[in-house]
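Every read-out reported here was derived from the displayed coordinates using simple, explicitly stated rules and does not represent laboratory data. Keep in mind that what you see is a predicted model, and the values were worked out from it rather than measured. No Cβ is skipped: glycine too gets one built from the backbone with ideal geometry, and neighbour counts run over all protein chains shown.
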Amino acid sequence: MKPDLSIDFAGIKLKNPILTASGTFGYGYELADLIPLQKLGAIVTKTITFEPREGNLQPRIAEVESGMLNTVGLQNIGVKAFVEEPLEKLNKIGVPVIVSVAGAVTKEYVETVRILNGQNGISAIELNLSCPNLRKKIICHDLCLLREIVREVKSVSKVPVIAKLSPLATDIAEVALSAQNAGADGVTLANTYPAMAIDVKTFKPKLSTLKGGISGSCIKPISVRCVYDAYQSIKVPIIGCGGITTSEDAIEFLLAGARAVSVGSSSLVSPRNLVKVIYGVENILEEKGIKSVKDVIGFVNKV
Ligand SMILES: Cc1cc2nc3c(=O)[nH]c(=O)nc-3n(C[C@H](O)[C@H](O)[C@H](O)COP(=O)(O)O)c2cc1C
């Protein structure tokens, strides 16, 4: 018999724990001709803000060893346009939709969520509190601001609220605990790591904003460690994210304590990879005679 891949994440029923990572899969519906979107556990949209944003100047992307840098700068059409078209198209797919939200100040987060509240077909909000390209300081590095945003959004949101955190923290468990204590129903660990690359031919930084966020295989061990550390301290479920390319990578995050995982940069190389990861997780569990994916979540912590 095939193993059961279904999980419950903060009250949301997912047919499997494999999600898209925000910003690496467009609004989520555009790739319908390339991959069977209904196979995904959930779609996490690119980050939406209250007002439309043009994003940062080019170049916004640079390849580095075993990863990439980006400084997209949250380019998006703004929440009012998002609910008119992309959300309607997303709702036709038949998978849970998690809308990623950001703002420069608390009020922007809250006002964006108020507009989303009036819509059907949103399973959860993921608060992007960890963008390295939005403000001078990453929001979740200020624990007071992190708590304020989570608390205020939670007080208006009609759906579960997931806090997406930065891996750049002295004590990630403390940051995750702050999010939980402020009311977050789950956390995503983690976003990109602030980073820089310089072209030695031109002597110039490779990104227009000089620095950006690094993602891909090279950050996986850091993000796995973040999940492991946070799992020991918090009760709310974790979405593991960072460098997942294969089903083995996904299992690694689950073993560390993630209840679901999101796949980012590797989808930019091949969006179909997401489906391979789902089938691969199923095969690994079957080969090991494990009946349910729930049995591997946090296993390493029990050893
Ligand atoms: C091009 C690009 C755009 C991204 N945009 C967003 C975004 O809009 N919101 C967000 O929360 N994370 C964004 N991220 C971060 C990813 O969701 C993910 O957390 C990070 O890339 C680590 O996962 P990965 O190594 O699998 O890519 C972006 C990443 C990339 C590479």
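Going from the residue with the fewest nearby Cβ atoms within 10 Å to the one with the most, 165, 40, 189, 5 rank 5, 40, 165, 189. A Cβ-based charge dipole, computed about the Cα centre of the range 1-154 with Lys and Arg at +1 and Asp and Glu at -1, lands at about 280 debye. Charge dipole (Cα centre; +1 on Lys/Arg Cβ, -1 on Asp/Glu Cβ; no other charges) of the chain amounts to roughly 200 debye. Among 154, 46, a tally of other beta-carbon atoms within 10 Å of each Cβ gives an order, fewest to most, of 154, 46. Taking every DSSP bridge with both residues inside the chain, close to 40 percent are antiparallel. Test of the criteria: in the range 168-272, which chymotrypsin sites (Phe, Trp or Tyr not before Pro) are in a DSSP loop and have at most 10 other Cβ atoms within 10 angstrom of their Cβ? The qualifying sites are 203.
As a rough guide to protection, the peptides 170-181, 49-60 ranked by mean Cβ packing within 10 Å, highest first, stand as 170-181, 49-60. Neighbour counting of Cβ atoms within 10 Å sorts the residues 199, 229, fewest neighbours leading, into 199, 229.
Per-residue 3J(HN,Hα) values for the range 20-36, derived from phi via the Karplus relation 6.51 cos²θ - 1.76 cosθ + 1.60 with θ = phi - 60°, read 7, 9, 3, x, 10, 9, x, 6, x, 9, 5, 9, 4, 7, 9, 9, x Hz in sequence order (x marks Gly and Pro).
Ranked by the mean number of other Cβ atoms within 10 Å of their residues, highest first, the peptides 285-296, 87-98 come out as 87-98, 285-296.
Evaluating 6.51 cos²θ - 1.76 cosθ + 1.60 at θ = phi - 60° for every residue in the range 293-303, the Karplus couplings come out as 4, 4, 6, 9, 5, x, 3, 4, 6, 8, 6 Hz, glycine and proline recorded as x. Per-residue extension of 0.36 nm, minus the Cα-Cα distance of residue 148 and residue 33, leaves a gain of 37.3 nm for this segment.
In this structure, the amide hydrogen of residue 241, modeled 1.01 Å from its nitrogen in the peptide plane, lies closer than 5 angstrom to those of 189, 190, 262, counting only residues at least 5 positions away or on a different chain. Distances between placed amide hydrogens fall under 5 Å for residue 198 paired with 206, all partners being 5 or more residues away or on another chain.
Sequence-ordered 3J(HN,Hα) estimates for the range 280-292 from the Karplus curve with 6.51, -1.76 and 1.60 and θ = phi - 60° stand at x, 4, 4, 5, 4, 5, 4, 4, 8, x, 8, 7, 9 Hz, glycine and proline given as x.
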